[in-house]
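Here is the structure we will look at, set down as structure tokens.
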Amino acid sequence: PKVQEILSAAGAYMQKWCGDPAFTGYQTRNPNIVKLQMGAIYAALQEQNIAYAMPPASFEESQRIRMPDAVLESKQGTCLDLSVLYCSCLEAAGLNPMLILVQGHAFAGCWLENETFSDCLQYDMSALTKRIAHGIDAICAVECTDFVAGKNTDFDSAEKHAAANLDDAAKFYFAIDISRTRSSGIRPVPARISENGTFK
């Protein structure tokens, strides 16, 4: 439900920018419309005034991820929490997001056309960077810590910052292609609904 609230707020940006509040996913076959949808979701999340929280010291080993509703309610999240939140919104809008992990950091990406990688995990950084490159523009990467409170970083700058995270192949871990995981049988975590103080 919290993700749907973000999409409703993002629809207002779509209305303002292109005269149509609808999220059409890849129906238009226009990468620029896909990027507009990504930008509208980014702007709606920026409105939420979420504070960046440092990950615990054990981040390299494991990290408990806050669910999108918890991030939106507590108004704080680590880079991984923020990236999962953004990916959740992109997926709910009918897009094909990915979670990208490099040494000590996580950020998000999204296909600008209705594609996926052939595997759930992509270990080859060049497979990302060549698709992000201008002229190819098949994937758009976004630095999710840029939409936190106090930054006022626009979407284009968040794209540049994300691309800079891919400057060093030695620090690249992998990208999780979320749409590909769905076709491999990995389903989303069910929504938690609170009723009378207990979650169902």
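The values are calculated or read from the model by the stated rules, or taken from the named source; none is laboratory data. Keep in mind that what you see is a predicted model, and the values were worked out from it rather than measured. Glycine also receives a Cβ, built like all others from the backbone with ideal geometry; neighbour counts cover every protein chain displayed. The accessibility values were calculated without ligands, DNA or RNA, using every heavy atom of the protein model including side chains. Shrake-Rupley method; radii C 1.70, N 1.55, O 1.52, S 1.80 Å.
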- Note on the structure: Selection from region 144-189 of residues among the small types (Gly, Ala, Ser) and assigned to a loop (DSSP other than H, G, I, E, B) yields Ala149, Gly150, Ser184, Gly185
- Among the residues of region 1-58 satisfying the criterion of being polar (S, T, N, Q) and within 20 Å of Trp111 (Cα to Cα), which is nearest to the chain's Cα centre (by Cα)? Gln37
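Each row is one residue, and each column tells you yes or no for (1) closer than 21 Å to Lys171 by Cβ; (2) surrounded by fewer than 20 Cβ atoms within 10 Å (Cβ to Cβ).
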{"site": "Lys75", "(1), (2)": "no, yes"}
{"site": "Thr78", "(1), (2)": "yes, no"}
{"site": "Ser83", "(1), (2)": "yes, no"}
{"site": "Cys87", "(1), (2)": "yes, no"}
{"site": "Ala92", "(1), (2)": "no, yes"}
{"site": "Ile100", "(1), (2)": "yes, no"}
{"site": "Gln103", "(1), (2)": "yes, yes"}
{"site": "Ala106", "(1), (2)": "yes, no"}
- Query: Regarding Asp154, is this residue under 27 Å from Tyr52 (Cβ atoms) and either more than 14 Å from the chain's Cα centre (by Cα) or without any contact (Cβ under 8 Å) to a residue 60 or more places away in the chain (or both)?
  - Reply: yes
- Message: Show the residue pairs meeting these rules: Cβ distance below 8 Å; 6+ apart or different chains; first residue within region 167-179 and at pLDDT 95 or above; second residue crowded, with 18+ Cβ neighbours inside 10 Å and aromatic (Phe, Trp, Tyr).
- Response: Ala175/Phe117; Asp177/Phe117
- Item | Spans of helices (runs of 4 or more DSSP H) in region 57-143 with at least 1 residues more than 20 Å from Ala9 (Cβ to Cβ) | 79-92, 125-132
- Selection from region 56-73 of residues that are surrounded by 13 or more Cβ atoms within 10 Å (Cβ to Cβ) and modelled with pLDDT under 65: Phe59
- Tell me, yes or no, whether region 16-29 has at least one residue that is in a loop (DSSP other than H, G, I, E, B) and crowded, with 19+ Cβ neighbours inside 10 Å. yes
- Task: Name the one entry in Ser118, Ser183, Ser157 that is of a type in the set (Gly, Ala, Ser) and open to solvent by less than 70 Å² (accessible area, probe 1.4 Å).
- Result: Ser157
- Sole exception among (1) open to solvent by 20 Å² or more (accessible area, probe 1.4 Å); (2) touching a strand residue (DSSP E or B) at 6+ places or on another chain (Cβ under 8 Å); (3) polar (S, T, N, Q) for Asn96, by number: (1)
- Query: Scanning for something small (Gly, Ala, Ser) and free of Cβ contacts under 8 Å to residues at least 12 places away in the same chain, does region 41-59 turn up at least one residue?
  - Reply: yes
